[in-house]
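The values are calculated or read from the model by the stated rules, or taken from the named source; none is laboratory data. As the structure is a computational prediction, the values presented were derived from the model and not from experiment. Cβ placement follows ideal geometry from the backbone for every residue including glycine, while neighbour counts extend to all protein chains displayed. The protein model used for the area step is the full one, side chains on, heavy atoms only, and it has no ligands, DNA or RNA in it. Shrake-Rupley method; radii C 1.70, N 1.55, O 1.52, S 1.80 Å.
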Amino acid sequence: MLTAILAIAALAVLFGLMLGYSAIRFHVEGDPIADQIDSLLPQTQCGQCGHPGCRPYAEAVARGDDDINKCAPGGEATILAMADLLGREPVALDAEEKLPAVAFIDPERCIGCTLCLQNCPVDAIVGAAKQLHGILSKECTGCELCLPPCPVNCISMVPVTEEISGWRWPFPSTPLKETAKSQPERAAA
Amino acid sequence: MKTFIASSPHVARVNRVDSIMLQVLLALVPGILAMIWFFGWGLLINILLAVTFAVAAECTVILARGRSPLPAIADLSAVVTAVLFAISVPPILPWWMTLLGMLFAIVLVKQLYGGMGYNPFNPAMAAYVFLLVSYPVAMTNWLTPTMLTEHHLSFTESLRIILDGSLPQGLSWDAVTSATPLDEMRGKLDRNLTMGEIRQSPLWGAFGGRGWEWVAAWFLLGGIYLLWKRIITWHIPVSLLSSLLVCATLFWAIEPQTHPFPAFHLFSGAAILGAFFIATDPVTACTTTRGQIIFGASIGALVYVIRTWGGYPDAIAFSVLLLNIAAPMIDHYTQPRVFGHGGKRG
Amino acid sequence: MAVAHSLIANRRLWTFHGGIHIPDEKSLSNGAPIAPIALPSRLVVPLQQHIGAPARVIVAVGERVLKGQMIAEPTGLVSAPVHAPSSGTLVAIESHPIPHPSGLMAPCAIIETDGEDAWAELPPPMTDYPQLDPELIRERIRWAGVVGMGGASFPTSVKLSPGTDRHIHTLIINGAECEPYISCDDRLMRERSGHIFEGVRIMHHLLGVKQVLIGIEDNKPEAIEEMRLALAETDMHTYTEIVPIPTLYPSGGEKQLIRILTGKEVPTKGIPAQVGIVCQNVGTAAAVADAVLEGRPLVSRVVTVTGRAIANPRNLEVPIGTPASDLIAHCGGYRETPRKLVCGGPMMGFALRDADTPITKATNCVLALTPEESPAPGPALACIRCGRCAQACPANLLPQQMYWHARAKDLDRVQDYNLFDCIECGCCAQVCPSHIPLVQYYRYAKTEIWSREQEKRKSEQARARHAAKQARLERQEQERQAKLRKQKEALAAKAKAQAKPETAAKQQASAASPTETANDS
Ligand code: SF4
Ligand code: SF4
Ligand code: SF4
Ligand code: SF4
């Protein structure tokens, strides 16, 4: 009995040491993980995650300073992708998921103040001082950063109309009668 | 008309799980009747008990999970598990062992893994092995076939044996029980008797054990019915039985005095039942065609190996469980060549 | 006939894995001849009825259009024009529901018909096409807006120009019509075989193939007989053969039919031309004959209106843009309230949400199914891994594995199991005893993967633009700093020479900074 316990304890210690060693030995230098996380983020650059953009948020997650559930525009898909990449458990989104939308400037009211333009992270607004500004809706990420600075409140968000080319079949909704886990590892990989 | 997005196909489906399970139960009937004929009412009592326990266990677990148990019961999979278990264990097994077995099968092996479709192990066989390992004596205490005993246990006598273990007045255990033919052969071979001597025993019939051979024949009929109805495909049963036959023939040809003749292997124990009803359980078997052949053939070979050199007389349960573990891996390496993909795979 | 019989005896047929036998239900609709339908007062003509780039409208709203007049022109190589199906006034270009599983709207030309059905001036017939430049013939087919009429709606002219580097040896004409219920190709072969052969002859000429194989499922003996008789009357029997094939769904799938007739497998993600084959539907052949020999564009098609909910199921010749409800009314309306109205066949079609959805070039069937024919699917059970799906799959996939991963939304693993080789035939779902909507899982996974790729491209673009903006801001900041430094240095130099440096420097610096960021954009 005692020998068995000792043997198992010894094995545990041995494996622990091996794990620890490999963690040091194979530690990846630089910050490619932040790059990888950044590539999963939607690049809306909206700051809703509490960081000044997607890249800073990616770096925070890579450092372990922030959770993976802060990006509202990315929604569930992004959380799942990050959980997958980082080997963490997926968590529920810490914000409300919004329908995709783009900004629209009311041409009647725009005074050409250039304030929105300075705030747009992706240069999706074109215009010059004292001229009507317009939004390149193809480039707009829907971050809403241009809304607050507008002195006449002429910018509004309009939902993106669903187009056939981007339409997705809905996930089958018939509830499975009796299932517990989402996916048991049956397929030996 | 309601508007909804539902994908094609739009016409009625052809199969349904419950109808498949019902056909399996139907196919078991002739074999079960034969078993009752040869081994008495205890078998029927066991089946009823096992079904009750299994359904009750399934209900409880699903209720505890906050779901409606009806659909799960209605798919009849628990009933099939229970019946397969009941016909694999001795017909006078104490009731609490049946209960234990069914709890083990339904709660641990099936529901804990997520329920129907998720269990990696065949629940009936897992329960059988669990009991065999825990209570080896009770689990090998088979009744003597009716034509070999004077006393035929009546329904109430069987019931009393099962419920409180009390034998009818004036009867000893030896009068009603005997080893199974497989058991007996193992024992005698170990005592260096030759096949010729062993076959003198009254337990021996034309090609298998007395009674047993006919039970197996009726199960074979049920199996053929399943094949005909396309409930199962030929791959697993045929590969299993042929590999068992090949092994048996080989060793018998080399040394007929120490190895029983091939038909004995096929018609003894649970070989036929296992080939058509147990190894074919879709949830725990391989799903690719080539995988199924490997799966079946491996079980057949393992059965022979365990029967001949292993510690237990029969081996269907062990072999099936062992191959259950290997099934996902076999599936993985036997993926079919997808249409339009040039090179042969795996 | 004797010749034909000896030919069948010689032709070897191949098989594909899986496939299923399902009641074909064709006798519901294949008894009556193709009938014309009364011209609707309003036609809704979708501007994109083909795979490829959308067509560009070339007539102004309010203009009068004539039947066969081009109202939208193709915008790319893989594109097709749209013609007015009847004469009348183009009253609007607006969004209208089109036949699509989403039930979403797309731009359509709305034509109010004037009842005259007056033809526009059509190009001259090309009866002497063997003497003409093949390019001219292709151009004519392209002009006529002919697309694959079996459902894929790929522009036919593109398929007929495989390029000089590909050696095409066989033209396969698809008359298999393996989907249950549908009988439009069956009727077409019975009634317009001569027309079909004219089209085949033209395509044979364009492709320069050695042989033409016309595959027809053997549950259509009348069509086979008629096609054989018609073939015997032409001089085409030296290179053309009518090949009856066993009825097994989905033998009419392009890849499956090619396999059955030639034993060749179209490589994954590939096209038939890679194995030297071009495959066209019988309806397409007839449309090609119309375009080349009569100069008529594709403005109508044969549609099967069937299902047990329809009073008198039959086939109709329908102008493109006719609402499905008109077809149903023409067939006597509903016998009983259908549970589902399907566009296409029961195995691969999709439910129509709106009976006003127009008929397009690709619509081969309007199917009204009774609750008995199409019972509401019970809740799906868990997969029992029975493998029936894999046995039925004509692509030899493992549908149960794809299902596991699609359900777990593991889009990478689904692709490991070759999701994109799935032809969405529905065999797997049809045989699944757990009644899992397998095909929908695959369609979900496919569209999800495509849309993620799209989003990925978009976010890449946003990242680049964001990075560019930040780089620009940084550059401006640096330039500003540099300027400031220069000015400071200059001032410092001055200060050495002069006495009071501070005030001037301050003035200069504040003048330089603020305007810059604002103006530069
Ligand atoms: S919330 Fe998401 S999209 Fe917005 S900045 Fe943060 S990471 Fe980028
Ligand atoms: S236009 Fe407005 S909402 Fe759109 S990306 Fe620019 S700042 Fe964001
Ligand atoms: S047919 Fe259905 S239950 Fe059977 S393996 Fe396929 S998906 Fe699973
Ligand atoms: S729908 Fe796809 S997976 Fe299912 S049988 Fe057809 S090809 Fe195979």
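Some values worked out for this structure:
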| read-out | value |
| --- | --- |
| Residue in segment C:436-450 that is part of a loop (DSSP other than H, G, I, E, B), open to solvent by less than 40 Å² (accessible area, probe 1.4 Å) and either at the interface with chain B (Cβ under 9 Å from one of its Cβ atoms) or small (Gly, Ala, Ser) (or both) present | yes |
| Condition check for C:Arg385: assigned to a helix (DSSP H, G or I), at pLDDT below 90 and either assigned by TED's automatic domain parsing to the domain that holds C:Thr304 or more than 26 Å from the chain's Cα centre (by Cα) (or both) | no |
| Pair list, Cβ under 9 Å, 6 or more apart: segment C:60-83 residue acidic (Asp, Glu), other residue open to solvent by 10 Å² or more (accessible area, probe 1.4 Å) | C:Glu63/C:Thr89; C:Glu73/C:Ala55; C:Glu73/C:Arg56; C:Glu73/C:Val57; C:Glu73/C:Ile58 |
| Residue satisfying all of: in segment A:121-132; more than 8 Å from chain C (Cβ to nearest Cβ) and touching a Cys at 6+ places or on another chain (Cβ under 6 Å); nearest to A:Met157 (Cα to Cα) among these | A:Ile125 |
| Residue within segment C:408-421 that is crowded, with 23+ Cβ neighbours inside 10 Å, within 16 Å of ligand 3 (Cβ to nearest atom), polar (S, T, N, Q) and at the interface with another protein chain (Cβ under 7 Å from one of its Cβ atoms) present | no |
| Pick from segment C:399-453, criterion under 21 Å from the mean Cα position of the chain (by Cα) and among the aromatic types (Phe, Trp, Tyr), ranking: nearest to ligand 4 (Cβ to nearest atom) | C:Tyr442 |
| Considering residues of segment C:451-492 that are away from ligand 1 (no atom under 16 Å from the Cβ) and within 8 Å of chain A (Cβ to nearest Cβ) only, the residue surrounded by the most Cβ atoms within 10 Å (Cβ to Cβ) | C:Ser451 |
| Segment C:301-316, residues that are out of contact with any Asp or Glu (no Cβ under 6 Å at 6 or more places or on another chain) and open to solvent by less than 50 Å² (accessible area, probe 1.4 Å) | C:Arg301, C:Val303, C:Thr304, C:Val305, C:Thr306, C:Gly307, C:Ile310, C:Ala311, C:Pro313, C:Asn315, C:Leu316 |
| Selection count where residues are polar (S, T, N, Q) and open to solvent by 20 Å² or more (accessible area, probe 1.4 Å), scope segment C:375-407 | 2 |
| Helices (runs of 4 or more DSSP H) lying entirely in segment C:132-211 (those with 2 or more residues that are touching a helix residue (DSSP H, G or I) at 6+ places or on another chain (Cβ under 8 Å), among the charged types (D, E, K, R) and touching a residue at least 24 places away in the same chain (Cβ under 8 Å)) | C:134-143, C:184-191, C:193-207 |
| Residue check for B:Val283: over 30 Å from C:Ile260 (Cα atoms) and either modelled with pLDDT under 85 or not in a helix (DSSP H, G or I) (or both) | yes |
| Any hit, segment C:293-304, residues being part of a strand (DSSP E or B) and within 14 Å of chain B (Cβ to nearest Cβ) | no |
| Cβ pairs under 6 Å, 6+ apart, first in segment A:59-87 and charged (D, E, K, R), second open to solvent by 60 Å² or more (accessible area, probe 1.4 Å) | A:Lys70/A:Asp94 |
| Candidates C:Pro125, C:Pro107 - the one that is under 24 Å from the mean Cα position of the chain (by Cα) and either open to solvent by 50 Å² or more (accessible area, probe 1.4 Å) or among the hydrophobic types (A, V, I, L, M, F, W, C) (or both) | C:Pro107 |
| Search result, residues across segment B:117-135 that are under 18 Å from the mean Cα position of the chain (by Cα) and either modelled with pLDDT under 85 or within 17 Å of C:Ala382 (Cβ to Cβ) (or both) | B:Asn119, B:Pro120, B:Phe121, B:Asn122, B:Pro123 |
| Residue under evaluation B:Val55, criteria (1) crowded, with 21+ Cβ neighbours inside 10 Å; (2) β-branched (Val, Ile, Thr); (3) over 28 Å from B:Leu167 (Cβ atoms), criterion not met | (1) |
| Every pair of residues 6+ apart whose Cβ atoms lie under 7 Å, when the first sits in segment C:18-32 and is within 16 Å of ligand 3 (Cβ to nearest atom) while the second is aromatic (Phe, Trp, Tyr) | C:Gly19/C:Tyr249; C:Ile20/C:Tyr249; C:Ile22/C:Tyr249 |
| For B:Arg337: the one exception among (1) at the interface with chain C (Cβ under 9 Å from one of its Cβ atoms); (2) open to solvent by less than 30 Å² (accessible area, probe 1.4 Å); (3) not small (Gly, Ala, Ser) | (2) |
| Which numbered condition B:Ala248 fails, given (1) buried (at least 21 other Cβ atoms within 10 Å of the Cβ); (2) among the hydrophobic types (A, V, I, L, M, F, W, C); (3) touching a Gly at 6+ places or on another chain (Cβ under 9 Å); (4) in a helix (DSSP H, G or I) | (3) |
| Subset of segment B:78-122 (residues that are within 14 Å of chain C (Cβ to nearest Cβ) and open to solvent by less than 10 Å² (accessible area, probe 1.4 Å)) | B:Ala78, B:Lys110, B:Gln111, B:Gly114, B:Gly115, B:Gly117, B:Tyr118, B:Asn119, B:Asn122 |
